[in-house]
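S.K.: Below: one structure in structure tokens.
The values are calculated or read from the model by the stated rules, or taken from the named source; none is laboratory data. Note that the structure is a prediction, hence the values are computed from the model and not measured. Glycine gets a Cβ as well: all are built from the backbone with ideal geometry, and neighbour counts include every protein chain shown. Ligands, DNA and RNA are stripped out before the accessible areas are found, and what is left, the full protein with its side chains, is counted by its heavy atoms. Shrake-Rupley method; radii C 1.70, N 1.55, O 1.52, S 1.80 Å.
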Amino acid sequence: MQNKQYKNILSDLEAEVDIEQSFIISRDGLLISAEACSGTSPEAMAAMTATLLGAAETAMDEIGSGVPSHIIVDTKKYSLIVMGAGPQALLAVVTGEDDFTKVREAMKKAARAIDEIL
């Protein structure tokens, strides 16, 4: 049942904003669910994304700045956006969308839904 709920959350997110790939990941880097991941290893993305957010949290803690609400890795073609989805999960998307505010707002809504399930 949960897997279907996760798939619905990711499908709704992709319908709302321009998302190429999306992932729900445990805080320790295990894949929970993924959508539209052709050409990508979802398990590898899960591990790398959790490591990326963990490193950002550690770096910000080191300078006494608090926990980041999200991180963005921006390239010419795509951006990777990662945010917490409660204490047990992360939400990561690959997007070509230039309006990060729109994507982040849609992700926040999806993150709340993920947190309610876990």
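S.K.: Is there a residue being of a type in the set (Lys, Arg), at negative phi and free of Cβ contacts under 8 Å to residues at least 40 places away in the same chain anywhere in the range 81-103?
M.R.: First pass over the range 81-103, keeping only residues of a type in the set (Lys, Arg): 102.
Now drop any that are not at negative phi, which leaves 102.
Imposing the further condition that a residue be free of Cβ contacts under 8 Å to residues at least 40 places away in the same chain reduces the set to none.
Within the range 81-103, none of the residues are of a type in the set (Lys, Arg), at negative phi and free of Cβ contacts under 8 Å to residues at least 40 places away in the same chain.
S.K.: I would also like to ask the following. Looking at the range 26-64 only, could you name the residues that are at negative phi and open to solvent by 70 Å² or more (accessible area, probe 1.4 Å)? Walk me through how you get there before you give the answer.
M.R.: Kept after step one, since they are at negative phi, are these residues of the range 26-64: 26-28, 30-35, 37-38, 40-63.
If the condition is that a residue be at negative phi and open to solvent by 70 Å² or more (accessible area, probe 1.4 Å), then 27, 28, 30, 38, 43, 48, 51, 58, 61, 62, 63 are the ones that fit.
S.K.: Enumerate the pairs (first residue in the range 28-57 and of a type in the set (Val, Ile, Thr); second residue anywhere and part of a loop (DSSP other than H, G, I, E, B)) with beta-carbon separation below 8 Å, excluding pairs fewer than 6 apart on the same chain, so at least 6 apart or on different chains.
M.R.: Pairs found: 49/29; 51/29.
S.K.: Given (1) modelled with pLDDT of 95 or more; (2) assigned to a helix (DSSP H, G or I), where does residue 29 come up short, assuming only one miss?
M.R.: (2)
S.K.: Got a sec? Which of 107, 60 is assigned to a helix (DSSP H, G or I), of a type outside the set (Val, Ile, Thr) and modelled with pLDDT under 95? Quick ask: steps written out before the conclusion?
M.R.: On the way: 107 fails: modelled with pLDDT under 95.
Answer to the selection: 60.
S.K.: Condition test on residue 69, is it more than 11 Å from the chain's Cα centre (by Cα) and either among the hydrophobic types (A, V, I, L, M, F, W, C) or open to solvent by less than 20 Å² (accessible area, probe 1.4 Å) (or both)?
M.R.: Numbers: more than 11 Å from the chain's Cα centre (by Cα): yes; either among the hydrophobic types (A, V, I, L, M, F, W, C) or open to solvent by less than 20 Å² (accessible area, probe 1.4 Å) (or both): no.
Spelling it out, it is not the case that residue 69 is more than 11 Å from the chain's Cα centre (by Cα) and either among the hydrophobic types (A, V, I, L, M, F, W, C) or open to solvent by less than 20 Å² (accessible area, probe 1.4 Å) (or both).
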